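Below: the structure, in C-alpha cells.
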Amino acid sequence: MTTNLVAPRDVETAPAAETEIEAEDVLTADGLVKKFGDRAVVDGVSLYVGKGEILGFLGPNGAGKSTTIAMLTGALAPDAGSILVNGVEFAADPMRAKALIGVVPQEIALYPSLTARQNLAFFAGAYKLGRKVREERINWALEVAGLTDRAGDKVSSYSGGMQRRVNIAAALLHQPQLLFLDEPTVGVDAQSRNQIFETVLKLRAEFGMSVVYTSHYMPEVEQLCDRIVIVDGGRVLAEGTQQELLEPLGEGLLEWSLNAVEAGLLKKGIETLAVAFTAHGETTVTTSGDNTPTLRVRVKDMPATLRKVSDLACEHGLGLGGIRLGRPDLESLFLDLTGRQIRDGA
Amino acid sequence: MLAMVRKEILVLLRDRASLITLFISPVLFMTVMSFALGNSFHSLGSPGKLSISIVDEDHSAAAQGVVKALSSSGELQVTSALGGVPLSAAQAQSRVHSQTDAFTVVLPAGFQQQVAGGGAPKVDFVVDPSSSRQVVDPVESAISSLIVTVTSQEGTTLALTKLGDAQSDPGVKAAIQAQVAALDSTTHQVDSTVSFPNGEGAKKYPSVYQQEVPGYTVMYVFFIVTIMAGSIMVERREGTFRRLLSAPMPRWQLLLGKVAPYLLVAVVQVGILLSFGRFVFGMSLGAHPLALLPISLALASCAVALGLLLASVARSESQVMGMGTAAVLVLAALGGCMVPGVFMPQFMQHITHFIPQGIALNAYQDVLVRGESMTAILPGAGILLAVAVGMFALALPRFRFVR
C-alpha cells in the first residue's frame, strides 16, 4: 500500500465531521462502567486520545477491551461514565459523535457475497455521503487498500490480508477524526501486517487522524503506538508512553528457574535467593511455582546483578542453565503488573 | 435506510440456497404434490377415479347386480374380470398389495342366499394397511350403501318371482312377471350432482391446483423465517451490525432496513407462486383476485415477524435452523398446508383456525375456490396483521444487534 493518501475533501463531506469545534483531545472517556448481570465487565475505565495520537489499548482476552470499545463506538450504552468525541457528548448527541469516528471491527465485517466496491458503497451510504463524494471516496479507499484492480471481485474471493484491507477501507470513507482498530492484524501474514501499519501511520501523517489500536500482540503496540493503556479485569492497570511504562522495570527482568536437584540444595527453598536479592537492593522479587520454582527480579543494575547471581550460584552449588534475562518490554510489564502472561487470558 | 435495503436485496439475490428454498423448492413441491394427489381430488367431476376390484364368489344374480351397480356408478374404476375371466380372490389381493387397486370388495359364496333369506349379506373389503382410515371409511360406507340398495331390490325380485311361479291365475301371474321385469330394468345408476352451499360464489368444483397451490404457498412463505433470522445471526457473528451501530444511523432505521427487504421478498414470493399456478397450471384466481393482496401482505408480515422473534430468542445459528425449521413445518402441518383439513381429526381442525398458516390458507381458499370478495377476507387478513404486530411486540424488547 504505497499509495498517495490525499483524499478528496472539497465537496459534500459528512456535515458533523466538518463542523465540530476542534477539541484538544479527540476522545475523552471518564469512569466508564458496564455490567452484565452483577458482573462489572468494565469497572471505571477512563482514558483520553490526543489529536493525531495513536493510543495502544492492551489487555488479555476477557480484560474488558471489546466492551470498552463497544461503548466508545456507540454499540453499547455505558451504565455509568461519560464519553466526549471532539467535544461532542456521546450520550447527548450520538449521531454527531458517531459521524466523527470510524470503526474497524476485529471480525471481517463485510458482506462476502458482494464486491469490494458494493461493500464500500453500502457503508458510504450508512454515513450519508452524497452521490458524487461517495464515488470519489470509494475510489480513494480502494486505492488506499491497494485493491482498485479487483474492486469488482467478490470479497469472498480475496485473501485474508486483502479482506483486512477492505475492512479498514470501509471505516475511512467518511474520513473520521478518530479511528478504532480492533485487533486489525489477526490472521494476516507479515507483509499485510506491515501494509496495515504503513496505512495507519500515513493516515495520521496526512490527516492528523487519531487512532485507538486494540491488540494483545505487544510488539505491534510497541512499534506503532505513542501511548499505551493496559487494562485487565475491567480496570486500567497502567497508562503512559512506552518509556514511562517501562521505566520502573529498570534495565531488565531476570528469571531464575531451579530444577528439582537445585531446589533440594536450598534449605529454605527459593526464598533463600529472594532474600539475597532483596538485600542486594533489587526493587521487586517474586517467586512462583512448586515443581519448577522460579524467581523473578527487576534488575536495576545489570552488571551488579549478574555478579550477585554468580556469587549465589557458587555459594549454593547451583547451575546457571535456568537463568533467562529479558529486556524490559510490555510483555514483562504486564507480567509484572498481573503475575501472568498477556496471552494467558483472564 | 435505503442503502440497507439495497444491500440486503443484493446479498439475498446472491444467496442461491435461500433463493432455491424460497422460489424453486415450492414450485417443484407443489407440482409434484399436485400430480401425486390429483387422483384423489379428481374423483368429483374430473377424469381420475378411485380404482377398486370386485370378486364374485357367489356367481349369483344378486352378486352380479352388485357388480353391475358398482361398475356403472361412474365414480369408481371397477375391475371384476381379467381377460374375460372373473377375478379370483388371490388375484384381487395381489392387485391391492401392488397398489393397483385401492381395495377389493369380495362377495362370498352364499351371498344371494343371505339376501333371499332377508339377512344382512356378508361382504369383505380388502384394504392395503397403509391406506388412511379417513379415506377408506367413507368409501366403504358409500359402497356398502350401494350394495344394500341393490340387494334390497334383488331380494324383492326373488320374492316376487317365487310368488308369481306359485300363482295359478294367468292374469295375476302375468301381472307379477311384469312387475319383476320392471324391477329388472330399473337402473342402479344414481344421477348425482355436486353443489355448493348457498351464497358461495364458486361455479364449479375447484381444480387440484386451487387446492394445492395456496397450501404450499403459505407453507413456503414461512421459510423466510429461518433465512431472515439466519441472516441476522450472521450479521451479529461477522460484526457488520457492530460496525453499523457506530454509523450515524438510528437503530430503528437499521432494523427497518434489515426487515423490509424480507417483507418485500415474501410478497414477491407469493406473487410468483400464485402466478406459477395461474400461468403454468391454468389455476383460476377466483372472481376477485385483488382480494389476494391484503392476505399476502398480512401473511408476509406474519412470516417476517416470526423471523424477527426467532432471531431475538435464538442464541446461535444452529438454534435458528433447528427451531425455525421445526416451527415452520409444524405450523404448516397444523395450519392444513400439507394435509387437507377434512382429513384431520376434529381437534386439529379446531386448532387450524388459530394458526396463522390456517387463517391465511382459509382466506386464500375463500378467494380462489369459494369466489369470495375483498370484504369477506378482510377479517382474516386483520387477524394475521394483529398476530404479526403481537410477534413484533414480543420480539423488539428482546432483540439485540450485538451479543
Set of lysines near residue B:162 by C-alpha distance (under 22 Å), chain-local residues within fewer than 8 positions excluded: B:173
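Once the Cβ-Cβ distance between residue B:354 and residue B:137 is put in as r, and R0 is 25 Å, what FRET efficiency do you end up with, to the nearest 0.05? Mind dumping the intermediate values first?
On the way: r = 27 Å, r/R0 = 1.08.
My answer for the efficiency is 0.40.
Please state the relative contact order of chain A as a whole percent: Cα pairs under 8 Å, 6+ residues apart?
Numbers: 648 pairs, mean separation 70.0, N = 346.
RCO, chain A: 20 percent.
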Amide H contacts of residue A:212 (H built 1.01 Å from N, under 5 Å, at least 5 apart or other chain): A:55, A:179, A:180, A:181
Label-point separation in nm, residue B:85 to residue B:338, each point 7 Å along Cα→Cβ: 4.5
Aspartates and glutamates whose Cα lies under 20 Å from that of residue A:308, excluding same-chain neighbours fewer than 8 positions away: A:251, A:255, A:262, A:271, A:282
Fraction of the pair-distance distribution of region B:50-184 above 18 Å, Cα-Cα pairs, percent: 57
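Mind giving me the FRET efficiency for residue B:319 and residue A:89? R0 is 45 Å, r the Cβ-Cβ distance, nearest 0.05 is fine.
On the way: r = 39 Å, r/R0 = 0.86.
That pair, residue B:319 with residue A:89, gives E of 0.70.
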At 1.002 mPa s and 20 °C, Stokes diffusion of the protein assembly as shown via Kirkwood alpha-carbon radius, µm² per second: 64
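Ratio of alpha-carbon Rg to the 2.2 N^0.38 Å globular estimate for region A:82-215, to two decimals, please. Write down the numbers at each step before the final one.
Values: Rg = 14.5 Å, N = 134, 2.2 N^0.38 = 14.1 Å.
Taking the Cα Rg and dividing by 2.2 N^0.38 Å, one obtains 1.02.
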Dipole in debye (nearest 20) - the protein assembly as shown, about Cα centre, beta carbon charges: Lys, Arg +1; Asp, Glu -1: 780
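Net charge near residue A:98, counting Lys/Arg +1 and Asp/Glu -1 over other residues with Cβ under 12 Å of its Cβ?
Values: positive: A:96, A:128, B:243, B:251; negative: A:93.
With Lys, Arg at +1 and Asp, Glu at -1, the neighbours total +3.
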Net charge of Cβ neighbours under 12 Å - reference residue B:13; Lys, Arg +1; Asp, Glu -1: +2
Estimated FRET transfer efficiency (residue A:235, residue A:149; beta-carbon r; R0 51 Å; 0.05): 0.60
Residue B:177-residue A:79 pseudo-label distance in nm [points 7 Å out on the Cα-to-Cβ vector]: 11.0
Rh by Kirkwood over Cα pairs, then Stokes-Einstein D for region A:231-279 at 1.002 mPa s and 20 °C, µm²/s: 152
Semi-axes of the equivalent ellipsoid for chain A, Cα gyration tensor, largest first, Å: 46, 22, 17
Lysines with Cα under 23 Å of residue B:7, excluding same-chain neighbours fewer than 8 positions away: A:98, A:128, A:132, A:154, B:258
Restricting region A:234-271 to trypsin sites (Lys or Arg not before Pro) in coil, as DSSP defines it, with at most 11 other Cβ within 10 Å: A:267, A:268
Residue B:330 paired with residue B:279, simple spin-label distance in nm, labels 7 Å along Cα-to-beta-carbon: 3.9
Cβ neighbours within 10 Å from other chains - mean over A:74-82: 2
Net charge of neighbours whose Cβ lies under 11 Å from the Cβ of residue A:240, counting Lys and Arg as +1 and Asp and Glu as -1: -3
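Counting residues in region A:215-346 as N, plug N into 2.2 N^0.38 Å and put the Cα Rg over that result. Mind showing how you got there, number by number?
On the way: Rg = 16.0 Å, N = 132, 2.2 N^0.38 = 14.1 Å.
That ratio works out to 1.14.
Throughout, read-outs are computed from the coordinates displayed, never taken from laboratory work. Just so you know, these numbers come straight off a predicted model, no measurement behind them. Cβ atoms come from the backbone with ideal geometry, glycine included; neighbour counts cover every protein chain shown.
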